[in-house]
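The values are calculated or read from the model by the stated rules, or taken from the named source; none is laboratory data. What you are looking at is a predicted structure, and each value in this text was computed from that prediction instead of being measured. Cβ placement follows ideal geometry from the backbone for every residue including glycine, while neighbour counts extend to all protein chains displayed.
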Amino acid sequence: MSRSLEDEIRRAARPADQDDAIARAERAVTLLERGDAPGAAREARKAKALAPRAPVVREVLGLALYGAGRWADALAELKAYKRMTGRADQNHLIGDCLRALGRPGDVVSLVEEELRDTRVPDEAKTEAVIVAASALADQGKYPEALAFLRRARVREQVVTPATLRLWYVTGDVLARAGRAADALASFRKVLRHDASAFDVAERIAQLGA
């Protein structure tokens, strides 16, 4: 954890709790990086009890809860992080929580805010585009979803995990729209770069290829 984030926690915690809060937050980050979202959430909750006004603690807790599939709790923490910081860099996760909670109509405006924010890196903006397009597809708005996906800034010759997700979601939306041939073309792009990505091989088989 960077010095600036440690300082953020120190400002939010009582002197007697500062070191423990930092240690808990650091353990939460480590567990999250290892893929142990429930463990990360437990540590982050302890950090929150010690430093509830530290935005980084609320962000880490939100990320951990999101990873654990606890959508309503993750939404509350990520919204608290946004409220404290004024930042839009986790809006795509807020939007994905809203999707999971059956509120896809509330997603696009959040994503538009994130896309306008010059502080948000391109990879996060790609994820935001994916979330908005998925929310539109959830509502049966397939042309709008495909148009939104074209707003992602990716280079075909530099394939990243976000690029693979973009191609996969494009294939999924095309399949849902009844455009099987176009969906296959998008899924095959994923397959060429990573045959183990998502369930792409199964999706291709389902489409009869």
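Checking each residue in segment 118-159 for being at pLDDT below 95 and closer than 25 Å to L207 by Cα picks out R150, E156, V159.
So which residues in segment 82-98 are crowded, with 18+ Cβ neighbours inside 10 Å and among the charged types (D, E, K, R), if there are any at all? If the condition is that a residue be crowded, with 18+ Cβ neighbours inside 10 Å and among the charged types (D, E, K, R), then K82, D89, D96 are the ones that fit. Close contacts from segment 94-107, counting a first residue that is touching a residue at least 40 places away in the same chain (Cβ under 8 Å) and a second that is part of a helix (DSSP H, G or I) and surrounded by fewer than 16 Cβ atoms within 10 Å (Cβ to Cβ), with Cβ to Cβ under 8 Å and a gap of 6+ residues or different chains, come to G95/D106.
So for segment 31-48 (the condition being assigned to a helix (DSSP H, G or I) and under 27 Å from V154 (Cα atoms)), does at least one residue qualify? Among the residues of segment 31-48, at least one is assigned to a helix (DSSP H, G or I) and under 27 Å from V154 (Cα atoms), which makes the answer yes. Taking into account only those residues within segment 128-161 that are touching a His at 6+ places or on another chain (Cβ under 6 Å) and crowded, with 18+ Cβ neighbours inside 10 Å, which is nearest to A175 (Cα to Cα)? Out of the qualifying residues, it is V131. With respect to the stated conditions, L174 fails to be on the phi < 0 side of the Ramachandran plot, surrounded by 16 or more Cβ atoms within 10 Å (Cβ to Cβ) and in contact with a His (Cβ under 8 Å, 6 or more places away or on another chain).
Figure legend. Inter-residue proximity from segment 182-201: first residues more than 16 Å from A162 (Cα to Cα) and part of a helix (DSSP H, G or I), second residues among the small types (G, A, S) and modelled with pLDDT of 90 or more, beta-carbon distance below 6 Å, spacing 6+ or different chains. Indicated pairs: A183/G171; A183/A175. Residues in segment 49-81 that are surrounded by fewer than 22 Cβ atoms within 10 Å (Cβ to Cβ), within 14 Å of the chain's Cα centre (by Cα) and in a helix (DSSP H, G or I): G67, W71, K79.
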